[in-house]
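J.: Please see the structure below; I have some questions.
What follows draws every value from the coordinates through simple rules; no lab data is involved. Model, not experiment: these values are computed from the prediction. Positions of Cβ are generated from backbone atoms using ideal geometry, with glycine treated the same way; all protein chains shown enter the neighbour counts.
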Ligand code: SF4
Ligand code: SF4
């Protein structure tokens, strides 16, 4: 947040703790992003998969990799009591940023029979965090001893149709006290620009979400199974062509080059012609692309 | 109205098979109107349990169908069925769970079983025969804020500040993008009413106590 406030164009990364108790790889991934990303989001049961706690992973990444984390927190799995208690825990563990999310519905994940919670939604979670941070009280106004200090962000969806309903919804989240916005994945720069224009009036920093494609399989999966966003046809075709290169090293080099070609210009244009505060790079298990991309984009 | 659907015949046969005589009691209220558990349905169920279907033989020697205007009303049950069920060993009710429990309270010396899986409060509010869940009796109605569309029930997450990120082209992530996102409906309705001010107002967390059961009400309305 300090970097953003100073007007720097920043990059944030994304780390995904999975169904494991071993965080070695995650810590290694975070180390590779040091010096390139100002912070990394740590996902909380993405797509409602029952994974390792994002709070624990955030703490370990901060401790062992020295990377500041954006602790993602979903309302799908916890009621307001559990959210409060995790937030107090996060304060004790030195977490500085929280991304407040409603979360995918439980039926989408690998525990489809679980009871969905949604006691609060993302905006209401922001409201709770603001109360804790600004007033030093809990949801019901009871004082917190040594209240936590967090910056709180929310997700935004520039691909939403109608966009107006999304912008007004973000207005609500900002009214509740959201300090920054990280967007869902965007491939089309015009979509990003339209969204940023609409958001200008709120004067809240927006980080545009991008998804570098590690290989053709990832690209194809994303295109087919992530609703609401499509990988541009030309990009997908190029990835497919690259996938036919038999030498693994050469193939990966080509994948990297395709991503750099596509996103280099994209990021450059966002950085130099829009009001965006930065880029949120969702390159899970593809950290090597981030430093190269930042260099290519000539920020 | 209260809706539900009949349990599988096999399950019902298992439940009643140890009885020689069975009264199958319908309700002319909600489930009767929607032809889920009225007299006709009670009659056909009584005959199925006695005669069986193509696959299974019947399991109860003596069955007879009855009905009540409303099975959720003790006095009506007593008035309409008083004395008529004496000869039956057990009762199978095709009413909603409220009716079944009311019957069980009236006929306290007989086993009373449910024939339906009670589902929700809803209506056929769109074309076709499908019933849609419309209200979950949350105890703190917000329809005046949402253009008459219930977010507590019709949004899969019951959100007060939707839509969530799971809405794609106006459809909800729950149910494979076949159901309308309630919040997109709310947005469109409020826009058409020129009331987007309601839509853009942040709603703080809800006090859930009015929805926490078991609930009870004093009789009589506050008018
Ligand atoms: S807001 Fe509550 S009472 Fe009103 S329709 Fe929805 S569930 Fe029913
Ligand atoms: S997509 Fe719409 S209806 Fe479905 S959970 Fe989200 S806000 Fe609710």
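J.: Which FRET efficiency value, to the nearest 0.05, is calculated for residue A:111 and residue A:5 with the Förster distance at 30 angstrom and r the Cβ-Cβ distance? If you can, show how the numbers build up before the last one.
T.: On the way: r = 40 Å, r/R0 = 1.32.
Calculated value: 0.15.
J.: Under a 10 Å cutoff between Cα atoms, tell me which one of A:227, A:147, A:17 has the largest fluctuation in the Gaussian network model of chain A.
T.: The residue with the greatest mean-square fluctuation here is A:227.
J.: For segment A:38-173, state what percent of all Cα-Cα pairs lands in each successive 5 Å bin, counting from 0 Å until the bin that includes the largest distance.
T.: Taking all Cα pairs of segment A:38-173, the binned fractions are 2, 11, 19, 22, 20, 15, 9, 3, 0 percent.
J.: Next up: From Cα pairs below 8 angstrom and at least 6 apart in sequence, can you work out the relative contact order of chain A, rounded to a whole percent? Spell out each step's value before the answer.
T.: On the way: 542 pairs, mean separation 52.1, N = 299.
Reported relative contact order: 17 percent.
J.: Follow-up question, since we're still on this one. Let me make sure I get this right: for segment B:136-209, a, b and c are the square roots of the gyration tensor eigenvalues over alpha carbons, sorted descending. Under 1.5 in a/c it's rounded, otherwise prolate if a/b > b/c, else oblate. Which is it? Provide the component values of the computation, followed by the final result.
T.: Working: a/c = 1.76, a/b = 1.14, b/c = 1.54.
Oblate shape, in that a/c is at least 1.5 and b/c is the bigger or equal ratio.
J.: Specify the inter-centroid distance of segment A:15-36 and segment B:125-194, based on alpha-carbon positions, in whole Å.
T.: Cα centroid to Cα centroid, the span is 39 Å.
J.: Using the Kirkwood radius over Cα pairs, work out the Stokes-Einstein diffusion coefficient for segment B:1-84 at 37 °C and 0.692 mPa s, in µm²/s as a whole number. If you can, show how the numbers build up before the last one.
T.: Values: Rh = 13.3 Å.
In µm²/s, the coefficient rounds to 247.
J.: Mind ranking B:169-181, A:55-67, A:245-257, B:16-28 by how tightly packed they are, going by the mean number of other C-beta atoms within 10 angstrom, highest first?
T.: Details: B:169-181: 17.0, A:55-67: 20.2, A:245-257: 13.6, B:16-28: 21.8.
Ranked by mean Cβ neighbours within 10 Å, highest first: B:16-28, A:55-67, B:169-181, A:245-257.
J.: Given that compact globular proteins tend to follow 2.2 N^0.38 Å, what is the ratio of the alpha-carbon Rg of segment B:168-223 to that value? Don't jump to the answer; show the numbers that get you there.
T.: Values: Rg = 16.9 Å, N = 56, 2.2 N^0.38 = 10.2 Å.
Cα Rg divided by the expected 2.2 N^0.38 Å: 1.67.
J.: Now for a different question. Using a 10 Å cut-off on Cβ to Cβ distances, tally the other chain neighbours for every residue of A:125-131 and report the average as a whole number. Kindly include the intermediate steps, with their values, before the conclusion.
T.: Working: counts 1, 2, 5, 2, 0, 0, 2.
Mean shielding by partner chains, rounded to a whole number: 2.
J.: When DSSP assigns beta bridges and you keep just the ones with both residues in segment A:2-297, what percent turn out antiparallel, to the nearest 5?
T.: Working: 1 of 32 bridges.
Antiparallel: roughly 5 percent of the beta bridges in segment A:2-297.
J.: Quick check: the angle from helix A:189-199's long axis to the longest principal axis of chain A, C-alpha only, nearest 10 degrees?
T.: 20
J.: Can you tell me the orientation of helix A:54-65 relative to chain A, as the angle in degrees between its alpha-carbon axis and the longest Cα principal axis, to the nearest 10?
T.: The helix A:54-65 is inclined about 70 degrees to chain A.
J.: Relative to the longest principal axis of chain B, what angle (0 to 90°, nearest 10) does the C-alpha long axis of helix B:182-192 take?
T.: Roughly 50 degrees, rounded to the nearest 10.
J.: Over segment B:136-209, calculate the relative contact order: mean separation of alpha carbon pairs under 8 Å at least 6 apart, over the residue count, as a percent. Walk me through the intermediate numbers first.
T.: Details: 66 pairs, mean separation 20.4, N = 74.
For segment B:136-209, the relative contact order is 28 percent.
J.: Okay, moving on. Using the Kirkwood radius over Cα pairs, work out the Stokes-Einstein diffusion coefficient for the protein assembly as shown at 25 °C and 0.890 mPa s, in µm²/s as a whole number.
T.: 93
J.: Okay, moving on. Only bridges with both residues in segment A:31-115 count here: give the DSSP antiparallel percent, nearest 5.
T.: Values: 0 of 9 bridges.
Close to 0 percent.
J.: Give the Kirkwood hydrodynamic radius (Å, one decimal) of segment B:1-149, defined as one over the mean of 1/r across all pairs of different Cα atoms.
T.: Mean inverse Cα-Cα distance, inverted, gives 16.0 Å.
J.: If you don't mind, another one. Using a Gaussian network model of chain B with C-alpha springs under 10 Å, which one of B:84, B:191, B:54 is most mobile by mean-square fluctuation?
T.: The residue that fluctuates most here is B:54.
J.: Same structure, new question: Which residue fluctuates the most in chain A, going by a Gaussian network model with Cα springs under 10 Å, if the choices are A:18, A:238, A:166?
T.: The residue with the greatest mean-square fluctuation here is A:238.
J.: Averaged across the residues of A:97-105, what count of C-beta atoms belonging to other chains lies within 10 Å of each residue's C-beta? Mind showing how you got there, number by number?
T.: Numbers: counts 0, 0, 0, 0, 2, 8, 4, 6, 8.
The shielding value for this peptide is 3.
J.: Stokes-Einstein at 37 °C, 0.692 mPa s, Kirkwood radius from Cα pairs: D for chain A in µm² s⁻¹?
T.: Details: Rh = 19.7 Å.
D, rounded to a whole number, is 166 µm²/s.
J.: Can you give the relative contact order of chain B as a percent, counting alpha carbon pairs under 8 Å and 6+ residues apart? Can you show the working numbers first?
T.: Details: 374 pairs, mean separation 36.6, N = 223.
For chain B, the relative contact order is 16 percent.
J.: Calculate the FRET efficiency for residue B:89 and residue B:208 from the Cβ-Cβ distance with a Förster distance of 56 Å, rounded to the nearest 0.05. The partial results should precede the final answer.
T.: Working: r = 43 Å, r/R0 = 0.77.
The calculated FRET efficiency here is 0.85.
J.: Hey, another quick one. According to the Cα gyration tensor, what semi-axes, each the square root of 5 times an eigenvalue, does the equivalent ellipsoid of segment A:40-85 have, listed from largest to smallest in whole Å? Provide the component values of the computation, followed by the final result.
T.: Working: eigenvalues 79, 28, 13 Å².
Whole-Å semi-axes of the equivalent ellipsoid: 20, 12, 8.
J.: Now a separate question. Based on DSSP, what percent of beta bridges with both residues in chain B are antiparallel, to the nearest 5?
T.: Working: 11 of 25 bridges.
Given both bridge residues lie in chain B, the antiparallel proportion sits at roughly 45 percent.
J.: Using r as the Cβ-Cβ distance of residue B:189 and residue B:124, and R0 as 25 Å, what FRET efficiency do you calculate, to the nearest 0.05? Intermediate values should be presented prior to the final figure.
T.: Details: r = 20 Å, r/R0 = 0.79.
Calculated transfer efficiency: 0.80.
J.: Same structure, new question: Across the residues of A:166-172, average count of Cβ atoms on other protein chains within 10 Å? Walk me through the numbers on the way to the answer.
T.: On the way: counts 4, 1, 8, 10, 1, 4, 7.
That works out to 5 on average.
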